[in-house]
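Colleague: Here it is, the structure in full.
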Amino acid sequence: MDEVIRGEYPRPQFVRADWMPLNGEWEFSFEEERYDRKILVPFAYETPLSGIGEREFHDTVWYRRTFEVPADWEGKRVLLHLGAVDYECDVWVNGGHAAHHVGGQLGFSADITGQLRPGKNTLRVCARDDHSALDIPRGKQFWKETSESIFYTATTGIWQSVWLEPVSGTHIGEVRITPLYDEKAVRFEYRLAGDAQGAELWAEISFEGRRAAGAAVRAQSPQGAFSVSLEETALGVWNAGEELVWTPETPRLFDVVFRLERGGEVLDEARSYFGMRKVSVENGRFLLNNRPYYQRLLLDQGYWPGGGLTAPSDEAFVTDIRLAKAMGFNGVRKHQKVEDPRFLYHADRMGLLVWGEIGSGYTYSNRLAGRLMEEWVQAVQRDYNHPCIVVWTPLNESWGVQEIAHAPRQQEFCRAMTAMTKALDATRPVSDNDGWEHVGGDLATIHDYEAREDVLAARYASAQAALASRPAGRGLYVEGSGYGGEPILVSEFGGISFAMCGETGWGYSSARDEEDFLRRYEAVICPMLKSPCVQGFCYTQLTDVEQEINGLLTYDRQPKADPEKIRRITCGESGGR
């Protein structure tokens, strides 16, 4: 297989051996189907890495390329996967319409077997994006051509990997993996595609190269479930609660091979993994593996200077996680973005908590409610298996539900998003409307960009004082809702801008130099760590993004201060003042 841009396997939670990437150079055009330009997929045309780098709005873009199906795929079904296309798109293979998709944050697949022909095949994609529409999910993408304040350059068209995959007519559609921490077991819920009659699904589990357990079920229908006990003796450990569990400090993973057979023939095989961990809220405490766990998070926008929403390389994810951990953080709150599964994979294996979030719209409408709900359901289902994800955040700061304080429909929408999240995933807490104007949820989250240490110390000296705060002038709860003993977390704060090279930019407060920056950073961190009621925080933010210069790192990932000095403050080891 020739080396291609972003050529790593795009779906690390469910890996098949055979596949073909379609990233790289495509024909491209704006508005009309002329194909008079070239673009490097998977980068959006607004980004330098696309080879175009123009920020002028174009509501319609066209892509075209050819490919040949490998000869050894004969007799297989061929699936086309597009990781994400912003915002609405149609796909054709050899002139036949293959797919229509709405939503810019989640991917989709199409069985294109019927459209294929011997030799060269032509793939065309048309993407449409109304940049002025404020009632579609868009996250931090600005509705003006020049970014401002906390909003960034728009993303149009393909922005995640495109690839082909051969499968048998009968194959594994998906497997949902739930670690049963207290039972020392794991549950698999499967869905088979095609004729499942007489098929057997095998699951072989190993841990650090040693066989842990295995089981097989004969499919009675296309869907089913089974559980497998993990015997400590088989792994030679004496304390599974210590030696087998997943935490950010010890990110241990079990490997799984799923194999679908019928009559001795292997129909499908895929590799996956899981972490033995449990997230819960009990008696007002956030627990990881039944123990209180203090979350030290960074707000992570998931933007890069060359690629915008698209990481320039797989290693870029690793770099961000490594730097976050080096500065003393044990997690990130992915902000206004459903992140690439490759990031979640690296967070799983390197040990980083993640709060999962989706990009919001800004104006409430029936269209926004329907489309945001649809994309959110897909996000929760797609990323359910990742042990790194510990909290779901369907809404943020009343974005898209700006009148939630007094609008019953918007309150009901927030409740519906929260209820749907819980219906899909009963294993993780939900922050319903992160920051303020809560209608329910499992966490009392507060956004507070106060910079004065004495004010923060007084405000978080007790739960009563914290709950009386009015972040950004808004109430912490809407009328009719209130605090019910949930864990209190300050899930946005800080935001100290520091221009290392004298550039001007945006932030919530500003520092003159590195010494002043560290002093101001300690002034906001210390009240959080000393608070008797705050169980975690999320500092704004990991990196600068375009004109927003309140990162601990510059946009090109250079630390603004010694990471060890930052780590000592983050972890409360600086000794105070």
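The values are calculated or read from the model by the stated rules, or taken from the named source; none is laboratory data. Given the structure is predicted, the values throughout are model-derived calculations rather than measurements. Because the Cβ atoms are built from the backbone with ideal geometry, glycine has one as well, and the counts that use them run over all protein chains shown. What goes into the accessible areas is simple: the full protein's heavy atoms, side chains included, and nothing from ligands, DNA or RNA. Shrake-Rupley method; radii C 1.70, N 1.55, O 1.52, S 1.80 Å.
Colleague: What is the dipole size for the stretch 59-151, taken about its Cα centre, with +1 at each Lys and Arg Cβ and -1 at each Asp and Glu Cβ, in debye to the nearest 20?
Modeller: It comes to approximately 340 debye.
Colleague: So, with +1 on the Cβ of K and R and -1 on the Cβ of D and E, and no other charges, what is the size of the charge dipole of the chain about its Cα centre, to the nearest 20 debye?
Modeller: 960 debye
Colleague: Further question: Using a probe radius of 1.4 Å on heavy atoms only, what accessible surface per residue do you get for the stretch 437-502? Whole Å² is fine. Could the numbers behind the result be given before it?
Modeller: Working: 2600 Å² over 66 residues.
Ligands and nucleic acids excluded, the figure is 39 Å² per residue.
Colleague: Now for a separate question. Given a 1.4 Å probe and the protein chains all in place, what does the accessible area of Val281 round to, in Å² to the nearest 10?
Modeller: 60 Å²
Colleague: Hey, rough spin-label estimate for Asn366 and Asp195, points 7 angstrom out along Cα→Cβ, what's it come to in nanometres?
Modeller: Output for this residue pair reads 4.4 nm.
Colleague: Right, another one. Gain in length, Lys38 to His100, computed as 0.36 nm per residue apart minus the alpha-carbon separation, to one decimal in nm?
Modeller: Between Lys38 and His100, full extension yields 20.0 nm more.
Colleague: Would you list the membrane-span-like helices of the chain, meaning whole DSSP H runs whose alpha-carbon atoms span at least 20 Å along their axis and whose mean Kyte-Doolittle value is at least 0.5?
Modeller: Values: long enough: 366-383 (26 Å, -0.79); 408-424 (24 Å, -0.48); 514-530 (24 Å, -0.26).
TM-like helix candidates: nothing returned.
Colleague: Taking the Cα centre of the chain as the origin and placing charges on Cβ (Lys, Arg +1; Asp, Glu -1), which of Pro312, His386, Ile158 is farthest toward the positive end of the dipole?
Modeller: His386
Colleague: Let me ask something else. Find the relative contact order for the chain and round it to a whole percent, using C-alpha pairs within less than 8 Å whose residues are 6+ positions apart.
Modeller: Computed over the chain, the figure is 12 percent.
Colleague: Right, next: Shape verdict for the stretch 1-103, please, from the Cα gyration tensor: rounded (a/c under 1.5), prolate (a/b greater than b/c) or oblate.
Modeller: prolate
Colleague: Something else: At Ala225 and Thr146, where each label point lies 7 Å from the Cα along Cα→Cβ, what is the point-to-point distance in nanometres?
Modeller: With each label point 7 Å from Cα toward Cβ, the separation is 5.5 nm.
Colleague: Using a 1.4 Å probe, what is the accessible area per residue for the stretch 250-303, in Å²? Write out the running numbers ahead of the final one.
Modeller: Details: 2120 Å² over 54 residues.
Result: 39 Å² of accessible area for each residue.
Colleague: Quick check on my link table: of Lys325/Lys422; Lys120/Lys337; Lys120/Lys334; Lys144/Lys334; Lys38/Lys140; Lys334/Lys565, which ones sit more than 32 Å apart, alpha carbon to alpha carbon?
Modeller: On the way: Lys325/Lys422 30 Å; Lys120/Lys337 36 Å; Lys120/Lys334 40 Å; Lys144/Lys334 23 Å; Lys38/Lys140 27 Å; Lys334/Lys565 24 Å.
Those over the limit are Lys120/Lys337; Lys120/Lys334.
Colleague: If you stretched the chain out fully between Ala457 and Cys501, how much longer would it get, using 0.36 nm times the residue separation minus the C-alpha to C-alpha distance?
Modeller: Taking 0.36 nm per residue and subtracting the Cα distance, the gain is 12.6 nm.
Colleague: Could you work out the local net charge near Lys140, counting Lys and Arg as +1, Asp and Glu as -1, over the other residues with Cβ closer than 12 Å to its Cβ?
Modeller: Result for the neighbourhood of Lys140: -2.
Colleague: Report in % the part of the accessible area of the chain that belongs to carbon and sulfur, leaving out ligands and nucleic acids; probe 1.4 Å. Please report the intermediate quantities before stating the final value.
Modeller: Values: 10410 of 21840 Å².
Reported share for carbon and sulfur atoms: 48 percent.
Colleague: Sort 96-102, 443-449, 254-260, 455-461 by packing, meaning the average of other beta carbons within 10 Å per residue, with the highest value first. Write down the numbers at each step before the final one.
Modeller: Numbers: 96-102: 15.0, 443-449: 23.3, 254-260: 19.4, 455-461: 17.0.
Per-residue mean Cβ counts within 10 Å order the peptides as 443-449, 254-260, 455-461, 96-102.
Colleague: Related question: Rolling a 1.4 Å sphere over the protein heavy atoms, what is the accessible area per residue of the stretch 73-124, to the nearest Å²? Kindly include the intermediate steps, with their values, before the conclusion.
Modeller: Values: 2030 Å² over 52 residues.
Normalised by residue count, the accessible surface of the stretch 73-124 is 39 Å².
Colleague: Based only on Cα atoms, what Rg/Rh ratio does the chain have, Rh being taken as Kirkwood's radius?
Modeller: Rg/Rh: 0.97.
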